[in-house]
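Report on one structure; see the data block that follows.
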Amino acid sequence: ILGSWVLIVCSSYLWNWYRVEGSVVQLAHVQARAFFEKDLAFRRWAAIHGGVYAPPTKQSPPNPYLSHIPDRDITTTTGKKLTLINPAYMIRQVYELNDVSKENNVVRSHITSLKPLRPENKADEWEQGALQSFESGEKEKSSTEVIDNEPFLRFMRPLITEQSCLKCHEQQGYRLGDIRGGIGIAVPLNDFYAAAELQRRDLLTAHSLIGILGLLGLSFGLRRFQ
């Protein structure tokens, strides 16, 4: 009886330990989806409005990959010069504000394509595989990967060509409904793993206490009825 009780408590602990491990990826996946939806909403808003115009600066020079657009650079009635910031350019600048590409503890976002306008948007090996899977009908791709020696959950969904996208990308041969690329999200897992470790410690403490109390109760009961 005592051995069976120990086996039950240990089995319960191992099962809950396994569930905690799985919850790390599930929670990171939820966060990745949220960031994807946020980035997609920003992209759609900017695309619907044909992009946004801003004064050209060192940080925001006229985009050479939009030179085929006649009104990339305009001058207002007061003589102020403005240049077009398309959705991809806008989102990239937002993520570069805090040099997130150099940090391992922040969520990363990367807009990419198998036919990128901008060379820096070229897909890496993982992204290429994800984009090719979209061509085969998959709706999203995710997996745990190591980036800069740190664990990340990588997540990607495709970008479908809409009417507002054709202003910048029609010259590449895209048509409505085509898969034009994808938004890749990389969620750092270290904070999730740290939280999971605390949960495991609590589980160990709780199961140890329950196990000891159970053994004491069983021992008392067995002695009493002998």
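Skipping prolines and chain starts, which residues have an amide H placed within reach, meaning under 5 Å, of the one on TYR53, given they are 5 or more residues away or on another chain?
ILE85
How much accessible surface does THR77 have with a 1.4 Å probe, in Å² rounded to 10?
We get 150 Å² for THR77.
For segment 125-226, with every protein chain kept in place, what is the accessible area per residue (1.4 Å probe, Å²)?
59 Å²
Which of LYS80/LYS122; LYS38/LYS115; LYS139/LYS167; LYS81/LYS141; LYS141/LYS167; LYS80/LYS167 have a Cα-Cα distance over 31 Å? Walk me through the numbers before you get to the answer.
Details: LYS80/LYS122 34 Å; LYS38/LYS115 24 Å; LYS139/LYS167 25 Å; LYS81/LYS141 42 Å; LYS141/LYS167 28 Å; LYS80/LYS167 24 Å.
In this structure, LYS80/LYS122; LYS81/LYS141 exceed 31 Å between Cα atoms.
With all distinct Cα pairs included, what does the Kirkwood hydrodynamic radius of segment 63-203 come out to in Å, to one decimal, could you say?
That comes to 17.4 Å for segment 63-203.
Relative contact order for the chain using alpha-carbon pairs under 8 Å, separation at least 6, rounded to a whole percent?
Worked out over the chain, it gives 25 percent.
Counting other Cβ atoms within 10 Å, which trypsin sites (Lys or Arg not before Pro) in segment 151-223 have at most 14 and lie in a DSSP loop?
ARG175
Just the accessible area for GLU140, please: 1.4 Å probe, Å², rounded to the nearest 10?
Rounded to the nearest 10, the figure is 50 Å².
Can you compute the equivalent ellipsoid semi-axes for segment 11-93, i.e. the square root of 5 times each eigenvalue of the Cα gyration tensor, sorted largest first and rounded to whole Å?
They are 46, 11, 9 Å, listed largest first.
Only bridges whose two residues both fall in the chain count here: according to DSSP, what percent of them are antiparallel, nearest 5?
So the antiparallel bridges amount to about 95 percent of the total.
For LYS115 paired with LEU198, estimate the spin-label separation in nm (one decimal), with each label point 7 Å from Cα along the Cα-to-Cβ line.
4.9 nm
What accessible surface, in Å², does a 1.4 Å probe find on PHE155, ignoring ligands, DNA and RNA and rounding to the nearest 10?
That residue has around 0 Å² of solvent-accessible surface.
Looking at segment 22-112, which trypsin sites (Lys or Arg not before Pro) are in a loop (DSSP not H, G, I, E or B) and have at most 11 other Cβ atoms within 10 Å?
Loop-located and lightly packed - LYS58, LYS80.
Run through all the Cα pairs of segment 122-220 and give the fraction in each 10 Å bin from 0, expressed as whole percent.
Calculated over all Cα pairs of segment 122-220, the distribution is 13, 26, 20, 15, 11, 8, 4, 2, 0 percent.
Placing one identical point scatterer on every Cα of segment 1-53 and ignoring solvent, what is log10 I(q)/I(0) from the Debye formula at q = 0.20, 0.22, 0.26 Å⁻¹?
Ignoring solvent entirely, the Cα scatterers give -0.77, -0.82, -0.92.
Which FRET efficiency value, to the nearest 0.05, is calculated for ILE179 and LYS58 with the Förster distance at 30 angstrom and r the Cβ-Cβ distance?
0.30
How large a share of the accessible area of the chain, in percent, is made up of carbon and sulfur atoms when the probe is 1.4 Å and the other protein chains stay in place? Don't jump to the answer; show the numbers that get you there.
Working: 8100 of 13820 Å².
So the carbon and sulfur contribution to the accessible surface is 59 percent.
Counting helices only, and only those DSSP H runs with n ≥ 4, report the 222 nm mean residue ellipticity of the chain as the sum of -39,500 (n - 2.57) divided by its residues, in deg cm²/dmol to the nearest 500.
Helix contribution divided over all residues of the chain: -16500 deg cm²/dmol.
The values are calculated or read from the model by the stated rules, or taken from the named source; none is laboratory data. These numbers were taken from a predicted model, which means no experiment stands behind them. Positions of Cβ are backbone-derived with ideal geometry, glycine not excepted, and every protein chain shown enters the neighbour counts. Only protein heavy atoms, including side chains, enter the accessible area calculation; ligands, DNA and RNA are left aside. Shrake-Rupley method; radii C 1.70, N 1.55, O 1.52, S 1.80 Å.
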